[in-house]
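One structure is given below, encoded as C-alpha coordinates.
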Amino acid sequence: MKLSLYEIEKSQLEVVEQLIENCGELTAEIEELLKINAENLTTKGTNYGFIIKQLTSECGIIDAEIDRLSDLKKSRTKSIERLKNSLTVAMQLFGVDKIESPVLKISFRASESVEIDDVDSIPAEYMVTKTTTAPDKVKLKAAIKAGELTIGAHIQVNQNLQIK
(Lines give C-alpha, C1' and ligand atoms only; values in the text may rest on other atoms or scores of the structure.)
Protein backbone atom coordinates (compact mmCIF):
# COMPACT_ATOMS: atom_id res chain seq x y z
CA MET A 1 0.00 0.00 0.00
CA LYS A 2 1.74 3.15 -1.28
CA LEU A 3 0.76 6.43 0.32
CA SER A 4 1.88 9.98 -0.34
CA LEU A 5 3.22 12.05 2.54
CA TYR A 6 -0.09 13.94 2.55
CA GLU A 7 -2.02 10.67 2.84
CA ILE A 8 0.29 9.43 5.60
CA GLU A 9 -0.23 12.71 7.46
CA LYS A 10 -4.01 12.49 6.99
CA SER A 11 -4.21 8.87 8.14
CA GLN A 12 -1.99 9.70 11.12
CA LEU A 13 -4.46 12.40 12.18
CA GLU A 14 -7.33 9.93 11.80
CA VAL A 15 -5.51 7.44 14.05
CA VAL A 16 -4.96 10.19 16.63
CA GLU A 17 -8.69 11.02 16.49
CA GLN A 18 -9.54 7.33 17.04
CA LEU A 19 -7.19 7.27 20.00
CA ILE A 20 -8.89 10.35 21.47
CA GLU A 21 -12.35 8.80 20.92
CA ASN A 22 -11.19 5.69 22.83
CA CYS A 23 -10.25 7.94 25.76
CA GLY A 24 -6.55 7.44 25.10
CA GLU A 25 -6.79 3.65 25.13
CA LEU A 26 -4.28 2.16 22.70
CA THR A 27 -6.00 -0.83 21.12
CA ALA A 28 -4.18 -3.45 19.05
CA GLU A 29 -5.91 -2.09 15.93
CA ILE A 30 -4.77 1.50 16.58
CA GLU A 31 -1.25 0.29 17.38
CA GLU A 32 -1.10 -1.58 14.04
CA LEU A 33 -2.29 1.52 12.16
CA LEU A 34 0.40 3.60 13.84
CA LYS A 35 3.04 1.01 12.92
CA ILE A 36 1.99 0.99 9.23
CA ASN A 37 2.06 4.78 9.07
CA ALA A 38 5.53 4.92 10.59
CA GLU A 39 6.79 2.33 8.08
CA ASN A 40 5.23 4.26 5.19
CA LEU A 41 6.73 7.49 6.47
CA THR A 42 10.19 5.93 6.69
CA THR A 43 9.93 4.59 3.13
CA LYS A 44 8.52 7.82 1.72
CA GLY A 45 10.98 9.94 3.69
CA THR A 46 13.89 7.89 2.35
CA ASN A 47 12.58 8.22 -1.21
CA TYR A 48 12.12 11.97 -0.78
CA GLY A 49 15.66 12.18 0.61
CA PHE A 50 17.08 10.49 -2.50
CA ILE A 51 15.12 12.83 -4.76
CA ILE A 52 16.32 15.87 -2.78
CA LYS A 53 19.94 14.67 -3.03
CA GLN A 54 19.55 14.12 -6.80
CA LEU A 55 18.04 17.58 -7.33
CA THR A 56 20.75 19.16 -5.15
CA SER A 57 23.39 17.43 -7.27
CA GLU A 58 21.71 18.67 -10.46
CA CYS A 59 21.68 22.22 -9.03
CA GLY A 60 25.45 21.97 -8.57
CA ILE A 61 25.84 20.90 -12.18
CA ILE A 62 23.60 23.76 -13.31
CA ASP A 63 25.62 26.25 -11.21
CA ALA A 64 28.83 25.00 -12.84
CA GLU A 65 27.26 25.41 -16.29
CA ILE A 66 26.07 28.92 -15.39
CA ASP A 67 29.64 29.80 -14.33
CA ARG A 68 31.02 28.33 -17.57
CA LEU A 69 28.52 30.27 -19.69
CA SER A 70 29.15 33.44 -17.67
CA ASP A 71 32.89 33.14 -18.33
CA LEU A 72 32.17 32.53 -22.01
CA LYS A 73 29.96 35.63 -22.11
CA LYS A 74 32.65 37.75 -20.43
CA SER A 75 35.18 36.54 -22.99
CA ARG A 76 32.86 37.36 -25.89
CA THR A 77 32.03 40.77 -24.40
CA LYS A 78 35.75 41.60 -24.12
CA SER A 79 36.26 40.49 -27.74
CA ILE A 80 33.39 42.73 -28.86
CA GLU A 81 34.91 45.72 -27.03
CA ARG A 82 38.38 45.08 -28.52
CA LEU A 83 36.92 44.76 -32.05
CA LYS A 84 34.82 47.92 -31.63
CA ASN A 85 37.83 49.81 -30.30
CA SER A 86 40.04 48.65 -33.19
CA LEU A 87 37.38 49.60 -35.76
CA THR A 88 36.85 53.01 -34.11
CA VAL A 89 40.59 53.78 -34.11
CA ALA A 90 40.92 52.71 -37.75
CA MET A 91 37.90 54.74 -38.89
CA GLN A 92 39.16 57.82 -37.03
CA LEU A 93 42.68 57.35 -38.42
CA PHE A 94 41.37 57.35 -41.99
CA GLY A 95 38.75 60.05 -41.33
CA VAL A 96 35.85 57.75 -42.20
CA ASP A 97 32.53 58.50 -40.46
CA LYS A 98 30.44 55.82 -42.16
CA ILE A 99 30.94 52.39 -43.72
CA GLU A 100 28.05 51.02 -45.76
CA SER A 101 27.65 47.65 -47.41
CA PRO A 102 24.59 45.82 -48.74
CA VAL A 103 24.28 43.87 -45.46
CA LEU A 104 25.19 46.38 -42.75
CA LYS A 105 25.96 50.00 -41.94
CA ILE A 106 28.61 51.20 -39.50
CA SER A 107 28.66 54.81 -38.33
CA PHE A 108 29.32 57.00 -35.31
CA ARG A 109 26.44 58.31 -33.23
CA ALA A 110 26.88 61.35 -31.01
CA SER A 111 26.08 60.94 -27.33
CA GLU A 112 26.57 63.06 -24.23
CA SER A 113 27.75 62.16 -20.76
CA VAL A 114 28.79 64.15 -17.70
CA GLU A 115 32.35 63.63 -16.56
CA ILE A 116 33.33 64.77 -13.06
CA ASP A 117 36.66 66.62 -12.92
CA ASP A 118 36.64 67.67 -9.25
CA VAL A 119 33.90 66.37 -6.93
CA ASP A 120 34.76 68.87 -4.18
CA SER A 121 34.07 71.89 -6.41
CA ILE A 122 30.50 70.82 -7.27
CA PRO A 123 27.84 72.79 -5.31
CA ALA A 124 25.83 70.88 -2.69
CA GLU A 125 22.56 71.35 -4.60
CA TYR A 126 23.93 69.05 -7.33
CA MET A 127 24.98 66.33 -4.92
CA VAL A 128 23.05 63.26 -3.85
CA THR A 129 23.68 61.65 -0.47
CA LYS A 130 23.09 57.92 -0.18
CA THR A 131 23.13 56.26 3.22
CA THR A 132 22.40 52.64 3.97
CA THR A 133 21.94 51.33 7.49
CA ALA A 134 21.39 47.68 8.34
CA PRO A 135 21.55 45.67 11.57
CA ASP A 136 24.79 43.77 12.22
CA LYS A 137 23.33 40.32 12.90
CA VAL A 138 26.62 38.81 14.06
CA LYS A 139 27.07 41.46 16.78
CA LEU A 140 23.37 41.25 17.71
CA LYS A 141 23.57 37.47 18.15
CA ALA A 142 26.62 37.80 20.40
CA ALA A 143 24.93 40.54 22.47
CA ILE A 144 21.73 38.51 22.89
CA LYS A 145 23.66 35.39 23.92
CA ALA A 146 25.66 37.47 26.41
CA GLY A 147 22.43 38.87 27.86
CA GLU A 148 23.31 42.45 26.89
CA LEU A 149 20.35 42.97 24.54
CA THR A 150 16.77 41.96 25.26
CA ILE A 151 14.66 44.20 23.00
CA GLY A 152 14.43 44.70 19.25
CA ALA A 153 15.80 41.31 18.24
CA HIS A 154 15.74 37.69 19.31
CA ILE A 155 17.43 34.44 18.36
CA GLN A 156 15.16 32.17 16.33
CA VAL A 157 15.96 28.45 16.54
CA ASN A 158 15.10 26.72 13.27
CA GLN A 159 14.83 23.06 12.36
CA ASN A 160 16.65 22.64 9.05
CA LEU A 161 16.23 19.39 7.17
CA GLN A 162 19.60 17.70 6.68
CA ILE A 163 20.16 14.88 4.21
CA LYS A 164 23.48 13.00 4.25
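The values are calculated or read from the model by the stated rules, or taken from the named source; none is laboratory data. Since this is a predicted model, take the numbers as computed values, not measurements. Note that we place each Cβ from the backbone using ideal geometry, even for glycine, and neighbour counts take in every protein chain shown. Side chains are part of the model used for accessible areas, which takes the heavy atoms of the whole protein and leaves out ligands, DNA and RNA. Shrake-Rupley method; radii C 1.70, N 1.55, O 1.52, S 1.80 Å.
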Self-check item: Lys/Arg +1, Asp/Glu -1 at C-beta; the range 35-88 dipole; positive extreme among SER70, ASN40, ILE51
Solution: SER70
Quiz item: Which stretch or stretches of the range 101-131 have amide N atoms under 16 Å from the point lying 7 Å from THR88's Cα along the Cα→Cβ direction?
Solution: 106-115
Quiz prompt | Selection from LEU149, GLY60, LEU83, by position along the positive dipole direction of the range 46-164 (Cβ) | solution = GLY60
Practice problem: Excluding ILE106 itself, calculate the net charge of residues whose Cβ lies under 13 Å from the Cβ of ILE106, where each Lys or Arg counts +1 and each Asp or Glu counts -1. | Solution: +2
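How much net charge surrounds ARG82 when only the other residues with a Cβ under 14 Å from the Cβ of ARG82 are counted, with Lys and Arg +1 and Asp and Glu -1?
Details: positive: LYS74, ARG76, LYS78, LYS84; negative: GLU81.
Neighbour charge sum, excluding ARG82 itself: +3.
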Quiz prompt | Paramagnetic reach from SER101 (point 7 Å along Cα→Cβ, amide N under 20 Å) across the range 69-90 | solution = 79-90
Exercise. Please give every one of the lysines within straight-line cross-link reach of LYS44, meaning a C-alpha to C-alpha distance under 22 Å, and leave out same-chain neighbours fewer than 8 residues apart.
Key: LYS2, LYS10, LYS35, LYS53, LYS164
Practice problem: Mind grabbing the accessible area of GLU31 for me, 1.4 Å probe, Å², rounded to tens? | Solution: 110
Exercise. On the full set of protein chains, 1.4 Å probe, figure out the accessible area of PHE108 and give it in Å² to the nearest 10.
Key: 90
Practice problem: Under a cut-off of 19 Å between alpha-carbon atoms, report the lysines in cross-link reach of LYS105, not counting same-chain residues fewer than 8 places apart. | Solution: LYS84
Quiz item: Can you give the helix-only mean residue ellipticity at 222 nm for the chain, where every DSSP H stretch with n ≥ 4 adds -39500 (n - 2.57) and the sum goes over all residues, rounded to the nearest 500 deg cm²/dmol?
Solution: -20500 deg cm²/dmol
Practice problem: Set the Förster distance to 41 Å, then compute FRET efficiency between SER111 and ARG68 from the Cβ-Cβ distance, nearest 0.05. | Solution: 0.75
Self-check item: 3J(HN,Hα) from dihedral phi, the range 77-86, Karplus parametrisation 6.51/-1.76/1.60, rounded to Hz, x for glycine, proline
Solution: 5, 5, 4, 4, 4, 5, 5, 4, 5, 4
Exercise. Report in % the part of the accessible area of the range 30-101 that belongs to carbon and sulfur, leaving out ligands and nucleic acids; probe 1.4 Å.
Key: 61
